[in-house]
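Let me give you the structure first, and then I'll get to my questions.
The values are calculated or read from the model by the stated rules, or taken from the named source; none is laboratory data. None of the values given here were measured: they were computed from a predicted structure. Backbone-built Cβ (ideal geometry, glycine too); neighbour counts: all protein chains shown.
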Amino acid sequence: MDCVRSLDDAPVERGETVTRRQVIGEAVRSGARGEFGALIPVRPAVKEIKTCLRGHWLILDLYDKLAPFSQRYRLHGWLCEVCRGQEACEPDARRLAEWALLDVTVQHPPDAAPTGGLVLVAHPPAAGTLAGRIALHLDGTEVGSVTASPCGKCRTATLDYVHVAADYRRLGFGRTLVAAAVARAPSYRWTAPLPDGPVAQSFRARIAMRRAGPPCAHVGGAELRR
Ligand SMILES: [Zn+2]
Ligand SMILES: [Zn+2]
């Protein structure tokens, strides 16, 4: 692959600061890159994006960035031109140049969830339990879920279980689900158990939560039922 030509093909003029609004106005879309349908990484939306997924600074106006809209997820996101150039030179590199942002505070009831794009669906706890479940749906199909047990009396919560379907791993779906659970009770003290197996442990070790202690004595709370 001719890396130099790939870099020269970058569509945005060098030295120009690209704001999110300008780029959205030009309707830059994932599909325009010939990758319609490809799954890009997802991250919980935050107020300010400081770096790309490889740690390249985006807020210092060093290189260009775009704000494409992912048709696949129906979400807005960012595209780091430094990463795009690197991935053009290294076809085997992970695709991290473009990622989509999901607002984890938007969680739909099961009977009213959108059937297109990537959305969070909140299931209330079963009767007599504390555990609520939040699922991640892609085009109406569940691709991952998280269960959590909050206690309003103790103001604590335990992250019980995170699961992502095999075809949808290494995209950030798991960490997005964890953020969605925490968003239900952000002021609580969160803990999580320690799983077995290297993959689960690698995921767990990136979650900034202490290990879970014995469960509290309260039953019947329903913090996720709202
Ligand atoms: Zn980058
Ligand atoms: Zn309790």
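In this structure, is Tyr161 surrounded by fewer than 21 Cβ atoms within 10 Å (Cβ to Cβ) and away from ligand 2 (no atom under 16 Å from the Cβ)?
Yes: the conditions hold for Tyr161.
Which residue, of Ser202, Ser149, is among the polar types (S, T, N, Q) and surrounded by fewer than 18 Cβ atoms within 10 Å (Cβ to Cβ)?
After ruling out the rest, the residue left standing is Ser202.
Here's something else I'd like to know. Has the stretch 175-189 got any residue that is at pLDDT 95 or above, assigned to a loop (DSSP other than H, G, I, E, B), among the small types (Gly, Ala, Ser) and outside the structural domain of Arg72 (by TED's automatic domain parsing)?
yes
Now a separate question. Which ones in the stretch 51-75 are within 12 Å of ligand 1 (Cβ to nearest atom) and not acidic (Asp, Glu)?
Residues satisfying the conditions are Thr51, Cys52, Leu53, Arg54, Gly55, His56, Trp57, Leu58, Leu62, Tyr63, Lys65, Leu66.
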